[in-house]
Structures are given as C-alpha cells and as structure tokens.
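Q: There's a structure below that I have some questions on.
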Amino acid sequence: MSRLPAALRALALTAAALIAVTAAPPAATARAKPEPKAPKEFVALRDVDPTIREEMRYITRHNFVGEPIDGYRQPLCILTAPAAKALHTAQRALLRRGYSLKVYDCYRPQRAVDQFVDWAKDLDDRAMKEEFYPQVDKSRLFADGYIAEKSGHSRGSTVDLTIVKLPARPTRPYVPGEPLVPCYAPQKERFPDNSVDMGTGFDCFDTLSHSMDPRIKGKQRANRLLLKNTLESRGFVNLPEEWWHFTHKPEVFPDTYFDFPVSRRSLPAPHQVLVRPIM
C-alpha cells in the first residue's frame, strides 16, 4: 500500500477534524433549555379541592383564537395557594346549596398572553368571530380592552370561572368546524356549556359580559350575583367587564408575570396542601 506524503496526510487530518467539529453541536446547544418552574407558593387546585370542576378552555380549540394556546401542557388549574384555598371555602358554601364552581382558566403563562397579542394583530384571522366577538371589529380589541400585553392571570391569583347546578353532565367536546352561535344568544342556542345561565358564554367579547350590565335580569342576574357575592365574601375582586373574572386579594405576586408551563412538572414536588374536609 502506498503512503500519502506527510503534507497530504496532515491536510487530510485537519479536514477530518473540521468536519467533526462542524457536525457535533456545541455542548450548550445540545442541552435543551430547562423550562421555568413555579415558585413554592403555587399549587394545583385539584390538590386543594378535587370537587371543583375544571374545564380548561385554552388547551382546546374552543376559544377565541381557535387553536390550543401556547404554554398549556395539561388541563390543569394552577393558582397561588391562598387563591386556591379561598376557592375551596367558596365551594363548600355552594355545595350546600346544590351547586359547584367550574373553572375555565387559572394561572396563564406569559407566552399564552403573547399568542393572544399576535392573534389580535392578525386582522385576517377571524375564524372564531361569530361566537366570541360577533359585534366587535377585530381592529378594536386592544382599544376596547379585550386584549392586552399583560394579564393578571400570569401573576397566579386570578381565575375565570362559573357555577354549575348539580348534578351536571360534563360539557360536550367542541367539534372544530361546527357552526358557531353568538356568545350572547339565548342559552339554548349557544354552545351547550353546562354552566347555569349567566346571560353570555365565557370569553364573550361584548358589553353584555359586564358583570352588572342592566340588560341582564331575572335568573341570569341572580346567577351572576350568586357567583359574585360568594367569591367577594372570600377575598376575591371581580373585574367589572367580565362576570367570570376574579382576583384574590392581596395577591401573593402583585408585580410578577410568570411564564412556566401549565403542567404538573412545573409545580414544586412533593406538595401537600392541607384543607378541612367538606362538611
């Protein structure tokens, strides 16, 4: 076998080394960037009160965007512990009257809020308009306060919720592409949520969603007041523009907007939250 001249052998070795370096990813990029974790003050609501129903809308396509929202890995309600415990006391009171709380959204990662902002800027995407904002021009979503670059949900003490009358069957799954009905239509016509009649559906971008809108009367008004009074007596403050939106005060993190994913893996473990049994 003939041998390469020394210069050629050196050149070949240098080329091989360069190929190897190029093909191998740097150690820093080879390792996946770890996801942020929740502080110890956060808990899963079902660990505090497993009787509260959870219908987490943003992990599904049944929301105003029409797609699962970034950061929602599991259908799980995560809140700061004081907010979760306050919901537990509200649930005890409602169960005695034959009702249950049902949550739609709890802690919301900042990346989800960012997706809402990007969606709102895309004026051509109006796939879910007929249900969620039939009377609002999409170009007005920021000016009218329906979408913002920050959300109190990302601080961990805000929850979107309603009341269901017991016994109640689960809400049927949303079928992508099914005909959409305005969120303020009569309850028998709009999407068949198992909530009591609040006058509009959840996330209805309309002034009829204002908690004390004078057009909401009779049983619808009584249902809103039942939710509002039950929660406000336990430290929650209602957002007047949304009958479903409540924040527990004082907030544990009044100035911090978190971005850890909605997942069991985001929570500190092991985690035990002691509550009194429901009587």
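Q: Taking the square root of 5 times each eigenvalue of the Cα gyration tensor, what semi-axes in Å does the equivalent ellipsoid of the stretch 192-233 have, largest first?
A: Numbers: eigenvalues 47, 32, 22 Å².
Calculated on Cα positions only, the semi-axes equal 15, 13, 11 Å.
Q: I've got another one for you. Please report the accessible area of D137 (heavy atoms, 1.4 Å probe, ligands and nucleic acids excluded) in Å², nearest 10.
A: 90
Q: Right, next: Which number do you get for Rg(Cα) / (2.2 N^0.38 Å) in the stretch 151-211?
A: Expressed relative to 2.2 N^0.38 Å, the Cα Rg reads 1.25.
Q: To the nearest 10 Å², what's F258's accessible area with a 1.4 Å probe?
A: 30
Q: By how many nm would the segment from T51 to D137 grow when fully extended, if each residue of separation counts as 0.36 nm and the alpha-carbon distance is taken off?
A: Taking T51 through D137 to full extension adds about 27.1 nm, to one decimal.
Q: Pop out the carbon and sulfur fraction of the accessible area of the chain as a percent, whole number, probe 1.4 Å. Display every interim value, and only then the final one.
A: On the way: 8520 of 14690 Å².
Carbon-and-sulfur percentage of accessible area, whole number: 58.
Q: Could you tally the net charge around A168, taking each other residue with its Cβ under 9 Å from the Cβ of A168, Lys/Arg +1 and Asp/Glu -1?
A: Net local charge, A168 excluded: +4.
Q: Once you charge only the Cβ atoms, +1 for Lys and Arg and -1 for Asp and Glu, what is the size of the charge dipole of the chain about its Cα centre, to the nearest 20 debye?
A: Dipole magnitude for the chain comes out near 1100 debye.
Q: Can you list the aspartates and glutamates whose alpha carbon sits under 17 Å from that of K150, skipping same-chain ones fewer than 8 residues off?
A: D70, D105, D114, D118, D160, D203, E241, E242, E251, D255, D259
Q: Right, something else. Using θ = phi - 60° and the Karplus form 6.51 cos²θ - 1.76 cosθ + 1.60, what ³J(HN,Hα) does each residue of the stretch 172-184 get, whole Hz, x for Gly and Pro?
A: 5, x, 6, 9, x, x, 5, x, 9, 10, x, 5, 9
Q: Further question: Kindly provide the helix-only [θ] at 222 nm of the chain, computed as the sum of -39,500 (n - 2.57) over DSSP H runs of four or more divided by all residues, to the nearest 500 deg cm²/dmol?
A: -7500 deg cm²/dmol
Q: Rounded, prolate or oblate: which one fits the stretch 58-188, using the alpha carbon gyration tensor with axes a ≥ b ≥ c (rounded when a/c is under 1.5, else prolate when a/b beats b/c, else oblate)?
A: On the way: a/c = 2.01, a/b = 1.35, b/c = 1.49.
Taking the square roots of the gyration eigenvalues as a ≥ b ≥ c, the stretch 58-188 is oblate.
Q: What's the whole-number percent of alpha carbon pairs in the stretch 33-97 lying beyond 19 angstrom?
A: 46
Q: Roughly how many Å is it from the Cα centre of the stretch 129-178 to that of the stretch 91-125, as a whole number?
A: 6
Q: Taking 0.36 nm per residue of separation and subtracting the Cα-Cα distance, what length does fully extending A148 through N194 add? Walk me through the numbers on the way to the answer.
A: Details: separation 46, 0.36 × 46 = 16.56 nm, distance 2.87 nm.
Net length gain for the segment: 13.7 nm.
Q: Mind checking the per residue accessible area of the stretch 46-139 for me, 1.4 Å probe, whole number of Å²?
A: 38
Q: How far, in nm, would the chain grow between T207 and R169 when pulled straight, counting 0.36 nm per residue and subtracting the alpha carbon separation?
A: 10.8 nm
Q: Just to verify a number: what accessible area does R96 come out at with the full protein assembly present, 1.4 Å probe, Å² rounded to tens?
A: Approximately 150 Å² of R96 is accessible to the 1.4 Å probe.
Q: Right, next: Just the number: Rg to Rh for the chain, Cα atoms, Kirkwood Rh, two decimals.
A: Looking at the chain, the ratio lands at 1.18.
Q: Have a look at the DSSP beta bridges in the chain and tell me what percent are antiparallel, nearest 5.
A: If we restrict to bridges inside the chain, about 85 percent are antiparallel.
The values are calculated or read from the model by the stated rules, or taken from the named source; none is laboratory data. Keep in mind the model is a prediction, meaning the values are calculated, not measured. Methodologically, a virtual Cβ is constructed for each residue, glycine included, from the backbone with ideal geometry; neighbour enumeration extends over all protein chains shown. Heavy atoms of the whole protein, side chains included, go into the accessibility calculation; ligands, DNA and RNA do not. Shrake-Rupley method; radii C 1.70, N 1.55, O 1.52, S 1.80 Å.
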